[in-house]
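Take a look at the structure set out below.
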Amino acid sequence: MAVTAVAVLAAGCAGTDGEGTAAPGTPGAEGGYYLSLGDSLAVGVQPDEDGTPVETEEGYTDVLYRTLLDDDPGLRHERMGCAGEDTTTFMEGGLPDCEERYDDGEQLRAAEDFLAEHEGEVDLVTLTIGANNFTRCVQGVNAPDGRADSSEDIDIDAECVADGLDRLEDEVPEIAERLRAAAGPDTRIVAMTYYNPFLAFLLLDDDPAGQAAASAEEAEEVFPEHEARGGLAEEAVEILTEVNGTLTEAYEAEGIEVADVDSVFQATNREVPEDSGTGMPANLQNVCDLTWMCDAERGPDIHPNEQGAREIASVFAEEVR
């Protein structure tokens with residue numbers, strides 16, 4: 001079951017002031033900027049033919065920009081994200097590959113400087129941050145490049161998760177506050193919740209492609225009752241729920257809108273759709289359809305594929321609209 005992108009990607013997203021012109025702070029105001037911030041999702045990281053994660057121009061920010069550009073040919077995209085950033089490095093630096101991109105070595109400071117330099121010109125800011133607080137907590141997954149093992153040794157480090165949550169709770173409110181202060185009250189800021197790629201633990205076997213073609217009866221047996229990987233997947237869902245709740249609360253407190261990306265991936269939906277060709281639950285099917293986790297040649301990899309990037313962009317586009 002592949003989810004379908006909303007029509008807004010084709011229709012455009014510009015708001016108006018009631019007189020047919022773009023309202024202030026809305027993409028579509030002539031000659032403005034779209035500033036995208038965040039981690040590997042913001043810069044379109046996907047595995048190449050050898051399975052090595054590389055930046056592409058097919059990330060959700062790129063798709064969203066092209067959509068906005070249809071309505072405002074003068075809109076410029078300042079692409080400021082960096083793969084690997086977590087909430088701590090986003091604020092303080094510390095990742096060599098990222099520090100070299102910014103004058104002061106910090107993405108948040110670079111964003112504040114850009115917003116100050118282009119005061120009144122930035123129509124939209126998008127933000128994706130927080131997932132990398134936890135990627136290294138999954139033992140058996142090669143977190144730096146996003147690829148996952150298929151071994152039986154995969155586990156979740158509870159101490160690492162606790163530390164990631166503590167940093168999320170302490171740092172996201174400050175990130176949100178500083179971005180809002182730098183952007184001012186009239187600039188649209190939209191941040192996102194995350195999806196749960198680790199549901200694919202349920203399929204991490206010798207033959208992911210074959211597993212994806214399992215019958216409905218086999219899928220129903222594997223998903224709820226698989227003691228080892230099923231437990232890991234359930235634990236990952238619980239962690240994601242807490243993460244997304246923390247992000248949403250911090251963003252909304254600063255008037256930052258939230259693109260509920262998990263609504264597309266449906267992390268808690270265990271129902272097998274009636275028209276399913278694989279017999280997999282909706283949440284697991286969506287992970288396979290929209291990320292590289294079930295790809296036998298380039299994956300498993302946690303990043304969205306091109307279809308996934310389009311779906312994420314559609315959630316942002318609908319929120320902007």
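Quick note: the coordinates plus some simple rules give every number you see, no bench work behind them. Predicted model, so just to flag it, every value in this text is computed and none were measured. Cβ: placed from backbone, ideal geometry, glycine included. Neighbour counts: every protein chain shown.
Points worth noting:
- Among T187, T61, a tally of other beta-carbon atoms within 10 Å of each Cβ gives an order, fewest to most, of T187, T61.
- For M192, nonlocal amide neighbours, meaning residues 5 or more places apart or on other chains whose placed amide H falls under 5 Å from its own, are L127, I129, A259.
- 4 °C / 1.567 mPa s Stokes-Einstein diffusion coefficient of the stretch 63-102, Kirkwood radius on C-alpha pairs, µm²/s: 108
- Amide H contacts for H303 (H built 1.01 Å from N in the peptide plane; partners 5 or more residues away or on another chain; cut-off under 5 Å): W292.
- The stretch 97-112 - phi-based ³J(HN,Hα) in whole Hz, Karplus 6.51/-1.76/1.60, Gly and Pro as x: 5, 8, 4, 5, 7, 10, 4, 9, x, 10, 5, 5, 5, 5, 5, 4
- The HN-Hα couplings worked out from phi for the stretch 239-247 by the Karplus form 6.51 cos²θ - 1.76 cosθ + 1.60 (θ = phi - 60°) are 5, 4, 4, 5, 4, 5, x, 5, 4 Hz, whole numbers, x standing for Gly and Pro.
- Sorted by Cβ density within 10 Å, fewest first, the residues I302, I189, I156: I156, I189, I302
- Each of D163, D262 has some number of other Cβ atoms within 10 Å of its Cβ, and from fewest to most they run D163, D262.
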